[in-house]
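Worksheet: one structure, shown below.
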Amino acid sequence: MLFTFLLTLFVLLFLGAPVGFVLLLTSFIMMTVSGGGTEEALVQSTIRGFDNFTLMAIPFFMLAGEIMNRGGLSRRIVSFSQALIGFVTGGLGFVAVVASMIFAGISGSAIADTSAIGSILLPIMEEEKYDVRKSTALIAAAGTIGPIIPPSIPMILYGVTTGESITKLFLAGAIPGILIGLGLMLAWWLVSKREGYTAHGHVSIKELGRSFIGAFWAMLLPVIILGGILGGIYTPTEAAVIAVVYALVISAVVYKSISVRDIMPMLISTVRGTAVVMFVCGTATAVAYLLTIAQAPVKLSQLLLSFTSNKYVLLLVVNLLLLAVGMVMDLTPALLILAPILVPVMSNVGVDPLFFGAIMVINLCIGLITPPVGTVLYTACGIRKVSLYAVVVELWPFLAVLVAVLLLTTFIPPLAMWLPSFVG
C-alpha cells in the first residue's frame, strides 16, 4: 500500500496535476489496488477532513492578512522597522526580517508574509543598488518565519490532525521563529559586509516616534491575538475573527485606507485560498484514512525501529525524510499526510507529539524555499521577475540558518517546549 501511495503520488505530481486532485486520485487508486475501504467511507473521510470548527481560523487569518496588506498596515510596519533599524549596514535587509517577524504575528502564512513585505521592500532595495538576487533570497527566507511564529496556519492543521493543543503549538514555534529571524539578520550582515552595502544615517527621535505612532495600531494586532489566546479569553478560531474585525476597523476608520469597494476583492482572494486549503485537507484525510487501515504507521514504525530505537537518531532520520519531502511537496499536503503516519512512530520512542509538531512545521517550512516545489521561492521571484536559478544560488547562507535552527530545536527540546510548559 505504501509503495502504491508513493508511486502514484509522485507520478501525478511530476505530471503537474494540482495537489488536491493528486491526493483524490491517489486515494481512489489505493482503494482499488488494496481492496480496503469503500467509496462511502472515502467520501465520509474526505468530508470529515474539512468539517472541523477549528479550521475556521484559517480563512479568517487569511482575510486578516489580506486586509492588513490592502489597508496599508504592512507598509506602516515596514516604515517603522526602517526607522528602527534601517541605519545599520545593509539596513533594508534587516528591515525585511524585522517586518516579516511582525507580520508573521498577524497572517500565519508564508506566502502572505512574502508577498506583503517583498512587494514593498524589493523595489526600494533595488533602487538602493542592493543585489536583487540576494535581496529576493533574503525576502523568501524571511517569509518562512510566517508559519512558525504564532499564529500559524500549519500549526492549526497539525493540531486538528493530531488532537494537540493549538495554543501550545503556537507557543512551541515562538522561540525557533525568533532564532530564525536573528540568524537571518546575522547572515545578511555578513553578506552586506562582503558586498559593501552602505548604511543610512540615524533617524531622529521625533521621526522614530512618528513612525511608531503610525504603525502602533497595526503592531497591536499580534498582541491582541496572542494575549487573548494565552489569557484564555478566546480560542484561536475566535481570535482569528477578532483579528479580521480589528484589521477592518483600523484600516477603514483609523487609517481610512480601504473603502467598501475593496471588501469584495479581499473576500474573493480569501475564498480562493481557503478553497484550496480545505480541498487539500479533505483529500489528505482520505489518503491518511486508507494508509491507517493498511497499517502503514505500524509498518513504518517497525521498519524504523529495526534500524535503531534511539529517538535522536530517529529524529535525524525523520528530519532528512521531511527535508526531502518538502522539496517535492507543498507544506499543507505534506503535513496532513505525514503527521498521522509519523506521530505514532515518534511517540513509540518517547518523542512528545507537541515537540514533534514544532519540528515538523519548521522542517517543512524550509521546503517552501527549496526547488522544485518552493511556493514561497516562486512568490518572491515573481515580485521582481528574477530568475529562479539566480536566486537559488544566493539562498545558501539563509538555508544554512534555517537548517541550523531546525537542528538546534531538534536536539535542544526546551527551545520548543519551554513556553508551552507555562500553559495549563
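Quick notes
- When residues of segment 13-23 are limited to those that are touching a Leu at 6+ places or on another chain (Cβ under 9 Å) and surrounded by fewer than 19 Cβ atoms within 10 Å (Cβ to Cβ), the one farthest from F279 (Cα to Cα): A17
- Checking every residue in segment 261-269 against the condition of being closer than 30 Å to P333 by Cβ and open to solvent by less than 40 Å² (accessible area, probe 1.4 Å) gives at least one match.
- Number of positions in segment 165-186 that are crowded, with 20+ Cβ neighbours inside 10 Å and more than 18 Å from the chain's Cα centre (by Cα): 1
- A174 meets the conditions (1) in contact with a Gly (Cβ under 7 Å, 6 or more places away or on another chain); (2) closer than 26 Å to G227 by Cβ in every case but one. The failed one is (1).
- Out of V376, V391, V361, sole residue that is open to solvent by less than 10 Å² (accessible area, probe 1.4 Å), touching a Phe, Trp or Tyr at 6+ places or on another chain (Cβ under 8 Å) and not aromatic (F, W, Y): V361
- For segment 99-118, the candidate set comprises residues that are open to solvent by 20 Å² or more (accessible area, probe 1.4 Å) and touching a residue at least 60 places away in the same chain (Cβ under 8 Å); within that set, the residue that is farthest from A64 (Cα to Cα) is M101.
- In segment 217-233, residue nearest to S109 (Cα to Cα) [restricted to those that are open to solvent by 70 Å² or more (accessible area, probe 1.4 Å) and at pLDDT 85 or above]: V223
- Residue check, T332 more than 23 Å from A286 (Cβ to Cβ), hydroxyl-bearing (S, T, Y) and buried (at least 19 other Cβ atoms within 10 Å of the Cβ): no
Yes/no per residue for (1) outside any loop (DSSP other than H, G, I, E, B); (2) in contact with a Pro (Cβ under 8 Å, 6 or more places away or on another chain); (3) crowded, with 24+ Cβ neighbours inside 10 Å:
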| position | (1), (2), (3) |
| --- | --- |
| I120 | yes, no, no |
| Y130 | no, no, no |
| A137 | yes, no, yes |
| I145 | no, no, yes |
| I149 | no, no, yes |
| P154 | yes, yes, yes |
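- Any pair with Cβ under 6 angstrom, 6 or more apart, that starts in segment 355-368 at a residue that is touching a residue at least 60 places away in the same chain (Cβ under 8 Å) and at negative phi and ends at one that is assigned to a helix (DSSP H, G or I) and among the β-branched types (V, I, T): L368/T375; L368/V376
- Residues satisfying the stated conditions in segment 299-329, i.e. open to solvent by 30 Å² or more (accessible area, probe 1.4 Å), of a type in the set (A, V, I, L, M, F, W, C) and either in contact with a Pro (Cβ under 8 Å, 6 or more places away or on another chain) or touching a residue at least 12 places away in the same chain (Cβ under 8 Å) (or both): L300, L305, L316, V317, L323, M327, V328
- Hits in segment 65-102 - residues which are hydrophobic (A, V, I, L, M, F, W, C), farther than 15 Å from P222 by Cβ and not in a loop (DSSP other than H, G, I, E, B): V78, A83, L84, I85, L92, F94, V95, A96, V97
The values are calculated or read from the model by the stated rules, or taken from the named source; none is laboratory data. Because the structure is predicted, anything quoted here is derived from the model rather than measured. Virtual Cβ from ideal backbone geometry, glycine too; neighbours counted across all protein chains shown. Ligands, DNA and RNA are stripped out before the accessible areas are found, and what is left, the full protein with its side chains, is counted by its heavy atoms. Shrake-Rupley method; radii C 1.70, N 1.55, O 1.52, S 1.80 Å.
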